[in-house]
Amino acid sequence: MRPSEQRLAAVRYQKGFEIDALLVEVCRGMAESGVRLGGLLQISEGGVGGCATSVKLYDLQTKTVFDIWEVRGPCARGCRLDESGLNAAAAVLERAISDRVELLVINRFGRAESLGRGLLPYFVRAMEAGIPVLTGVRTPYDDAWVRFHDGLGRELACDTERVLGWATRVGHRLAFATCNDLRDH
């Protein structure tokens, strides 16, 4: 498989980069071009001194919002991810895969995924279903990301146009293949 055909990609970014804004722009561009999107975008709110006070996941299909952040006071230390909230949002990914969306967005490959938990099974399910997956990954989870994809994934620069280019190629390629499959039956 040529790198341009890889259906699993991560935007590698550094702490402080506005990955949420980049993914929102990419999803907006994909939706405007007619690609059927599914999955989850992260919305971080209320940053005080570099600390978010709220982190939510946004369902790209239904527009439902899920809270995934433990409230432990301003600038609490350690991971504040509420994995039960994350697991509740996982049904969104299951539905998107069942609906055979043309591009699945999973907001992050982060701590939970690097430990083999979180949304990791949905990366695998989408890949098995042939659905392209777009995510974001940063240090310190980039090594776990590389071990997970084992050469099947592609790394994308933090550039909206480049990410849109990849997403357009793989999203429209899947849409074309799906149309051909329907004609063959």
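The values are calculated or read from the model by the stated rules, or taken from the named source; none is laboratory data. Here the structure is a predicted model, which is why all the values come from computation and not from measurement. Every residue, glycine among them, receives a Cβ derived from its backbone with ideal geometry; neighbour counts consider all protein chains shown. Note: accessible area is taken over every heavy atom of the protein model, side chains too, but ligands, DNA and RNA are not part of it. Shrake-Rupley method; radii C 1.70, N 1.55, O 1.52, S 1.80 Å.
A compact table of results
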quantity	calculated
Leading residue by the ranking (modelled with the highest pLDDT) among those in region 16-37 that are of a type in the set (Asp, Glu) and either assigned to a loop (DSSP other than H, G, I, E, B) or over 23 Å from residue 140 (Cα atoms) (or both)	25
Criterion violated by residue 13 - all others in (1) touching a Cys at 6+ places or on another chain (Cβ under 6 Å); (2) surrounded by 15 or more Cβ atoms within 10 Å (Cβ to Cβ); (3) at pLDDT below 95 satisfied	(3)
Selection count where residues are open to solvent by 10 Å² or more (accessible area, probe 1.4 Å) and on the phi < 0 side of the Ramachandran plot, scope region 89-106	7
Breaking point among (1) modelled with pLDDT of 95 or more; (2) under 23 Å from residue 25 (Cα atoms), for residue 90	(1)
Of all residues in region 107-150 being open to solvent by 60 Å² or more (accessible area, probe 1.4 Å) and in a helix (DSSP H, G or I), the one that is nearest to residue 21 (Cα to Cα)	111
Of residues in region 38-59 being out of contact with any Phe, Trp or Tyr (no Cβ under 9 Å at 6 or more places or on another chain) and modelled with pLDDT under 95, the one surrounded by the fewest Cβ atoms within 10 Å (Cβ to Cβ)	49
